[in-house]
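Written out below as structure tokens is the structure these notes cover.
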Amino acid sequence: MVATLTDTKRSAIAEKLADMRAIQNLIIANEQQFINDCKNNEIFGRLEDMLEDDQNNLDVLETTITQYGIQSEPKEKVQKMIEQAEQMMKSSELSLYEKMAQHELLKHGQVMSGLVVHKAAQIAGADVEEALSPLNSVNFENRAHQERLKGMLEYLGTQELTGEEPEQGIWGRVQDAVAAMTGAIGSAVTQTSDKSDMDIMDVIFMDHQKVKTLIGEIKGTNNPHRIQEFFGQLYKDVIVHAKAEEEAVYPQIRSFYGDADTQELYDEQDQLETILNEMKNLGPTSSEFKSKLKQVKDMIGDHTRQEESTMFASMRKNFSSEQREQMATQFKEAKQKLQSQM
């Protein structure tokens, strides 16, 4: 039987959400300042993408607080911490590397706060868990941002110490992280575990992050050959992912996720495929290609936020961990078959 939260405990969750909202506003202000201070075009583009994500995540936090139904103010010590952080970020004594290192710690704190609230919601009961389900997408996004920030910090730190770029290049670090998530980690389950496979939600999330990284790479270069290379991979990944979901995931969630919401997922993926097919016939540096790329980015952002919040919450509630592992196996088998056909 789930516990019933007392008013005191419900208020504590509301206060933690208010803390997260206040810190999210600080994160956004930091990223706006970093963009103003940044002289490197590659980092500039990645920061712009991260800022856009974080502005969307603030909206998700606002929605979550509204659904939860209890408004609160952040703790006094959190407000003081934010004031100190604001002063530190304005300081001319700290380098961009040092400021972004502190920023990465803020991201880590947001991840942990989101996970703690998520665990509290599981204990609280179905009403609280349902109200807080949109927070899942913020948690996943913040974890991905940490990997991106590590790549930027590696670049900035090496340049600060030596005056030269690291040999890997700025996004070698990020691409390594994506490869690790989608490759070695994605295909190997810890040997000491009794799991038969990964959780389907983790596998889907890793696909989402790889696609977002590829879009960032396309936006970050004016080299037509690189754009074609990245777009070719983006096209294949999105089509394979979508068709594998339609084969192995969506039919199994329709009964509890609902006909309308499930059909919306199908329809969104059909629209994405249509736009991607149109982009194949456009010049990689044309304004129309760039316009459609932004459209794809926005559509993928909306689609993945829905899956990572409401769909994942429904899957967690209605499937056992063993069922989610079996679905991961079916999903990956479907992907492998589709990949060999393309």
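The values are calculated or read from the model by the stated rules, or taken from the named source; none is laboratory data. All of these numbers come straight from a predicted model, not from anything done at the bench. In this analysis, Cβ positions are derived from the backbone assuming ideal geometry, glycine residues included, and neighbour counts consider all displayed protein chains. Remember, those area values only see protein heavy atoms, side chains included, never the ligands or the DNA or RNA. Shrake-Rupley method; radii C 1.70, N 1.55, O 1.52, S 1.80 Å.
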| Out of K317, K236, which single residue is in contact (Cβ under 8 Å) with a residue 60 or more places away in the chain, more than 18 Å from the chain's Cα centre (by Cα) and open to solvent by 80 Å² or more (accessible area, probe 1.4 Å)? | K317
| In region 13-40, the residues that are without any contact (Cβ under 8 Å) to a residue 24 or more places away in the chain and assigned to a helix (DSSP H, G or I) | Q32, I35, N36
| Set T274, T262: member being open to solvent by 70 Å² or more (accessible area, probe 1.4 Å), part of a helix (DSSP H, G or I) and either within 30 Å of N223 (Cβ to Cβ) or of a type in the set (S, T, Y) (or both) | T274
| query | Has region 282-292 got any residue that is over 24 Å from E325 (Cβ atoms), open to solvent by 70 Å² or more (accessible area, probe 1.4 Å) and not in a helix (DSSP H, G or I)? | reply | yes
| If the Cβ limit is 8 Å and pairs must be 6+ apart or interchain, which residue in region 88-110 that is at positive phi and among the small types (G, A, S) pairs with which residue that is open to solvent by 30 Å² or more (accessible area, probe 1.4 Å) and in a helix (DSSP H, G or I)? | none
| task | Kindly check whether there is at least one residue in region 130-152 that is among the hydrophobic types (A, V, I, L, M, F, W, C), surrounded by fewer than 19 Cβ atoms within 10 Å (Cβ to Cβ) and more than 17 Å from the chain's Cα centre (by Cα). | result | no
| task | Confirm whether Q71 is in a helix (DSSP H, G or I), polar (S, T, N, Q) and farther than 21 Å from G216 by Cα. | result | no
| note | Over region 41-68, the set of residues over 21 Å from K150 (Cα atoms), touching a helix residue (DSSP H, G or I) at 6+ places or on another chain (Cβ under 6 Å) and either among the hydroxyl-bearing types (S, T, Y) or modelled with pLDDT under 85 (or both) is T64, Q67, Y68
